[in-house]
Amino acid sequence: MASPRTSTRNRTRRTGARVSTRRRAQARQLLLRSRGKRGGYRAGAGRPRGRSDHYVPHVRRPAVTPHNAVHVTLRVVEGVPSLRRRRPAELVEDVFRAERQCKGFRLVHYAIRSNHLHLVCEAEDRQSLSRGVQRLCSRMARALNRLLGRTGRCFSDRFHCCVIRSPRQARNLLAYVLLNEHKDRAAQGVRLGGIDRYSSGMFFDGWADSYARPLPREGPVADRIPVTGPKSWLLRVGWRRHGLVRTTEKAPKTATLVRIRSSTSDNGLEGTWKAPRCAGLRNGTSAEP
């Protein structure tokens with residue numbers, strides 16, 4: 001068998017082709033610390049750090065089943081006025097009413113805060129949860145942009161979710177969402193007594209206070225209710241094992257007691273929620289101006 005050098009020489013004589021014998025230059029290995037060249041480290045490379053300080057990592061969502069409850073948090077971008085005003089809150093609740101019949105996704109409770117939303121949801125699976133929250137965000141963003149005369153996104157990042165799997169977790173979640181305004185006021189030394197008008201507390205049937213009776217879900221006001229009844233055992237029965245929710249349990253007893261004036265007439269519903277009159281009460285409201 002002829003050597004490669006001999007065969008190349010004979011092939012060149014037969015065809016008259018010119019064969020280059022120059023050795024090909026080898027590729028140079030770049031170090032990871034190199035700057036200003038292809039590959040390696042450079043300023044601004046990699047995944048973006050997020051659109052806000054409350055960045056939600058882009059990881060796989062936890063598994064969701066119809067037996068679980070889910071706590072969803074949506075944060076609004078900076079520059080959007082407070083949602084705890086009459087007109088923005090009405091638009092948000094209108095979107096909740098329009099999505100009540102959404103297949104595979106149910107909004108059970110909510111709390112509207114100045115720059116974020118707390119939602120208590122049920123979903124058939126992980127995909128149904130994502131699609132349901134995405135629909136809510138899309139419709140709320142369009143409605144708020146029309147109201148405020150602005151463009152662009154309204155929510156800063158992906159929604160944060162926490163899957164609830166035990167009765168104790170479910171009870172703590174309901175108290176946290178429905179008494180979120182009470183919790184914030186307790187940090188200021190104020191003890192609220194009553195139901196926050198910018199939450200679904202008026203439809204909650206688990207209050208321990210005798211004056212806090214839920215509005216009926218049937219009859220002429222059924223079409224104006226922005227939430228749906230729970231179907232999971234956790235949100236119907238399970239959480240009650242650990243006691244009903246008191247409207248004043250988030251605040252110390254030594255704090256000043258303030259009465260909440262929250263009328264449901266703004267939403268087309270009849271009825272007024274307020275704490276009973278007693279000594280030491282002074283007028284106040286939980287709504288921001």
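Each reported figure results from applying straightforward, stated rules to the coordinates on display, with no laboratory input. All values derive from a computational prediction rather than experimental measurement. Neighbour counts run over all protein chains shown; Cβ positions are idealised from the backbone, glycine included.
State, to one decimal in nm, how far the label point of VAL56 lies from the label point of VAL237, with both points 7 Å from Cα in the Cβ direction.
Rounded to a tenth, the inter-label distance reads 3.2 nm.
Determine, from the Cβ-Cβ distance of ASP184 and ARG85 and an R0 of 22 Å, the FRET efficiency 1/(1 + (r/R0)^6), rounded to the nearest 0.05.
That pair, ASP184 with ARG85, gives E of 0.85.
Subtracting the Cα-Cα distance from 0.36 nm times the residue separation, let me have the gained length for ARG100 to TYR176 in nm, one decimal.
25.1 nm is the gain from fully extending ARG100 to TYR176.
Residue by residue, what Karplus-based ³J(HN,Hα) values in Hz, rounded to whole numbers, does the stretch 67-80 have, using 6.51, -1.76 and 1.60 with θ = phi - 60° and x for Gly and Pro?
Listing the rounded values in order: 8, 9, 9, 10, 9, 10, 10, 10, 9, 8, 5, 5, x, 7 Hz.
Please work out how much length the chain gains when fully extended from ARG224 to SER166, using 0.36 nm per residue of separation minus the C-alpha to C-alpha distance, in nm with one decimal.
That pair, ARG224 and SER166, stretches by 17.8 nm at full extension.
By how many nm would the segment from ARG150 to ARG217 lengthen if fully extended, with 0.36 nm per residue of separation less the alpha-carbon distance?
Separation in residues times 0.36 nm, less the Cα-Cα distance, equals 20.6 nm.
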